[in-house]
Amino acid sequence: MPETKFSEIPKAYDPSKSEDKWYKYWLDNKIFHSEPNDKPSFTIAIPPPNITGMLTMGHILNNTIQDVYTRLKRMQGFNSCWVPGTDHASIATETKVTKFLEEKGINKYKIGREEFIKHCQEWRKEYGGIIIQQLKKLGVSCDWNRERFTMDDDYYREVIKAFVALYKEGKIYRGYRMVNWDPANKSAISNEEVLYRTVNGKLWHFRYPVIGTDKFIIVATTRPETMLGDTGVAVNPNDERYKDIIGKKVKLPIVGREIPIFADEYVDMEFGTGAVKVTPAHDVNDYELGKRHKLEIINIFNPDASTNKNVPDWLQGLDRFDARKKVVEWFEKNNLMEKIEDYQNKVGYSERGAVPIEPYLSEQWFMKMEYLSKPALDVVRKGKVKFYPAHWEKTYFHWMENISDWCISRQLWWGHRIPVWYHKQTKEIYCEVDPPKDIENYTQDEDVLDTWASSWIWAHAIFRTEKERKYYYPTSMLVTGPDIIFFWVARMIMAGMHFMKNIPFKDVYFTSIIRDLQGRKMSKSLGNSPDPLDVIKDYGADALRFTVLYLAPLGQDVLFSTEKCDFGRNFANKIWNAGRFLLMNAENIKVNDKLINSHIDFADEWIISRFNETLEEFNNAMDSFEMNNATKIIYSFVWNDFCDWYIEMIKNRLYGNDEEIKSAVLTRALSIFENMLMMVHPFMPFITEEIWQLTKQRKDGESISTSEFPKVKKELINQKADRDMEVVVDIVTAIRNIRGEMNIPPSKKINVLLKSNEVGERQIDYIKKLAKVEELNAGEKIAKPKASASAVVKSSEIYIPLEGLIDLDIERQRLQKEITRLEGSLSGIEKKLSNEKFVSGAPADIVEKERTKQKDWQENLKKLKEILENLN
């Protein structure tokens, strides 16, 4: 790297001049690239974002965590390999491309499947990589040479091979089942893709005439249109109200169909009228009732949820909600509506289609879960796969122990087409990876696989050769959101155990949810989600990365606002200023590595000890996946120990006359600073690279990213130096506080009396320099002088004589005036808080603010009275 004059280092760090420069440098020098070698591997497979996706704050948190571990392990001697990629996202992409074509006046059904897929591929080329380019702005150290896409030819083939293998093992079958149907996308969706919302609706009570009697049986429904598909009415066999009509039939209104009244224990006598209309084709429970009692199954909907030819002519072709209105009107007009009640119930909505789903009887492909789930349960129970936080194990166990077969087919075109062909004459099924040779005699199944049925093999299928799989698999850790614990985490464990006979990853880190300051989940619709690229532009990637991690305790939600990134930016500036101070001194003081262990004094012993203690605490936190705690450990050392105390403590020696001492002090400080940069680097890669490159002449291609991470030297942890420094910090802080309270200017030298048996000569020198003390008398028999300010720190008493420092009379008057003002304010707030109307009527946060204010003012008043007493 070209040499920089230290005096030319800018006063402030400018991320915009640093980030693109160093990211290009890392890529040009293949810092992130990995190939199998003799080192131990550390591998992460990125949760592939959808090609339709754009960078969100959730991505920032998730990918920063992955990057921190990837960078840290690379520096610790592991062969780090972070494989990036994107997911084809069947439903999301097909929806986007369909809309995109419609805006151009193109109908997907008119152009056909092959042409539509070409449009999807073109759309993906143009828009699908946006999120990957955005991630690079964050500074992620992915191996971009290994970028994968779930529709890559070789990956596609792996997906098909998995299907064929499971089909031949009898673990995949085709059958009619009640599925969640998304009318918007005209496809089945899984239970996990259904979001339930509480809806204020109606409960309609219909009268069905019982044939051969003058009686009616009353049934209730929240979906009136489904009565057109009713094929029975069920009652409880123990219900005395209906014993005389069990076995009879009702004439179904509108339709005219005769349907049986039958008895089944399933019916709850206490709910509603105790009589249930049964629509086997459009309700999961009704389907089971229908199977038990051999009822006719009549589907009344087309795939778009419009009514089909199985309903009367005048109701055909209507949207389901229009059909609902007409059915209700008919019942009211024909005096067969018993009553209508307001009713609140939970309605399932398609996560992607954003419309109410329909329970729909459909022929689909299913994967048997019973066999596949058992090994996946065992490896988590036995601790071979660990969850962080651990409480997610309960959620995992509950779902896995109650798992049902997985509907893996989707009625879409964009995706992995099911590798099943049907012979045109014999209807014989052909299921292989490659199509039949006489393909003209076969028709391929129209469906594609559920997106998750392709990404479930991600952890091993991203590696192209057997050599790579043996080296990189199982991966080291997975970082993901708890919302896809069923969609993806559980299924990847199943796939790993079945196809690779091994776990896919050892540790699963579940990230927090990012919320705004009001506790609302960030979303585009609420307009409360900042664009991360704007935040990076305003604050820098390092500031955003560090802030988000600092705010994110494991397992707890993050309350984020853009302004909080001031915290990360201030931290970056603190590091920059410390580096600039040391390097500008290096213009005039020679750095000599031979002197690094010379002229060591108390301050050096302490900072070396603190660094090794900090490093040990940091390693423990990272090994326990307590990343939030790790950021606090780093922050405390950098900001407090190194910048606020150590740099201040070495200034006197740096500005002295002994050149050898100056050289030793600066060399040692730069060495500690460089090690500190390495500890910070995984969290804040850009600023640390920028400063690290300046600390000495570097070779081309050299990077802090591949420098050796410091190791803990336990023999350098000095408990006595720690205790002695703790005394110095406490005493200096107490003296500074007294200065502030008594309005003594910081520049004014003071005298201090110290009653203590804990303070030695080496501490006294630093206390005098740091607290600007002229004379400091210390001893066990020191007496408190008159008109002095005092403080007690553990077993030490501090006295500062005030005569001559301040005008005591003026200070007494000022204090008395402030005490009177504060007493008046407190009286007002106490009256307000003793008013029951205010406490019970005002918003809780307002009342809490008043209580906090009261507590703060009481403490301030107590302190002012103590100071006045000292002066008297």
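The values are calculated or read from the model by the stated rules, or taken from the named source; none is laboratory data. Predicted model only: the values in this text are computed from it and were never measured. Cβ sites come from the backbone with ideal geometry, for glycine too, and all protein chains shown count toward neighbours. Please note that ligands, DNA and RNA were not included when accessible areas were found on the heavy atoms of the full protein model with its side chains. Shrake-Rupley method; radii C 1.70, N 1.55, O 1.52, S 1.80 Å.
The residue that is nearest to L412 (Cα to Cα), among those in the stretch 298-310 that are of a type in the set (A, V, I, L, M, F, W, C) and not in a strand (DSSP E or B), is A305. Checked against the criterion of being open to solvent by 30 Å² or more (accessible area, probe 1.4 Å) and among the β-branched types (V, I, T), the candidates T307, T213 yield just one match: T213. Only a single item in (1) free of Cβ contacts under 8 Å to residues at least 24 places away in the same chain; (2) more than 25 Å from A543 (Cα to Cα) is not met by S90, and it is number (1).
Summed over the stretch 840-852, residues that are part of a helix (DSSP H, G or I) and open to solvent by less than 80 Å² (accessible area, probe 1.4 Å) total 5. Within the option set K832, K837, being within 30 Å of L517 (Cα to Cα) and loosely packed, with under 12 Cβ neighbours inside 10 Å holds for one residue only, K837. Scanning the stretch 272-297 for residues that are in a loop (DSSP other than H, G, I, E, B) and within 16 Å of K249 (Cβ to Cβ) returns H293, K294, L295, E296.
Residue-by-condition table, conditions (1) at pLDDT below 90; (2) open to solvent by less than 60 Å² (accessible area, probe 1.4 Å):
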site: M75; (1), (2): no, yes
site: W123; (1), (2): no, yes
site: E126; (1), (2): yes, no
site: I132; (1), (2): yes, yes
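Of everything in the stretch 711-726 that is buried (at least 18 other Cβ atoms within 10 Å of the Cβ) and out of contact with any Gly (no Cβ under 9 Å at 6 or more places or on another chain), the residue that is farthest from A603 (Cα to Cα) is N718.
From the list R515, R520, the one residue that fits, being modelled with pLDDT under 95, touching an Asp or Glu at 6+ places or on another chain (Cβ under 8 Å) and either over 30 Å from D14 (Cβ atoms) or open to solvent by less than 50 Å² (accessible area, probe 1.4 Å) (or both), is R515. Residues considered: D182, D152. Of these, the only one that is surrounded by fewer than 21 Cβ atoms within 10 Å (Cβ to Cβ), more than 22 Å from P436 (Cβ to Cβ) and of a type in the set (D, E, K, R) is D152. Only one of the listed residues (I800, I750) is of a type in the set (V, I, T), modelled with pLDDT of 85 or more and under 29 Å from W857 (Cα atoms). That residue is I800. Where strands (runs of 3 or more DSSP E) sit wholly within the stretch 744-820, those with at least 2 residues that are under 20 Å from L864 (Cα atoms) occupy 788-793, 796-801. The conditions of being out of contact with any helix residue (DSSP H, G or I) (no Cβ under 8 Å at 6 or more places or on another chain), modelled with pLDDT of 95 or more and not polar (S, T, N, Q) are met by I429.
What residue, among those in the stretch 34-47 that are open to solvent by less than 20 Å² (accessible area, probe 1.4 Å) and not in a strand (DSSP E or B), is farthest from P504 (Cα to Cα)? Out of the qualifying residues, it is S34. Does V276 satisfy the condition of being under 26 Å from E338 (Cβ atoms) and touching a Leu at 6+ places or on another chain (Cβ under 6 Å)? Answer is no for this residue.
Counting only strands (runs of 3 or more DSSP E) that sit completely within the stretch 181-259, those holding 1 or more residues that are touching a Phe, Trp or Tyr at 6+ places or on another chain (Cβ under 7 Å), touching a residue at least 60 places away in the same chain (Cβ under 8 Å) and among the charged types (D, E, K, R) correspond to 194-209.
Close Cβ contacts (under 8 Å, 6 or more residues apart or on different chains) running from residues in the stretch 108-126 that are free of Cβ contacts under 8 Å to residues at least 60 places away in the same chain to residues that are open to solvent by 100 Å² or more (accessible area, probe 1.4 Å) comprise W123/K96. The test for being open to solvent by 30 Å² or more (accessible area, probe 1.4 Å) and assigned to a helix (DSSP H, G or I) does not hold for E94. Check the stretch 609-628 and report whether any residue there is touching a Phe, Trp or Tyr at 6+ places or on another chain (Cβ under 6 Å) and not in a helix (DSSP H, G or I). Yes. For first residues located in the stretch 138-157 and closer than 22 Å to V68 by Cβ, partners that are open to solvent by 40 Å² or more (accessible area, probe 1.4 Å) and hydrophobic (A, V, I, L, M, F, W, C) and lie 6+ apart or on another chain with Cβ distances below 8 Å form the pairs W144/L27.
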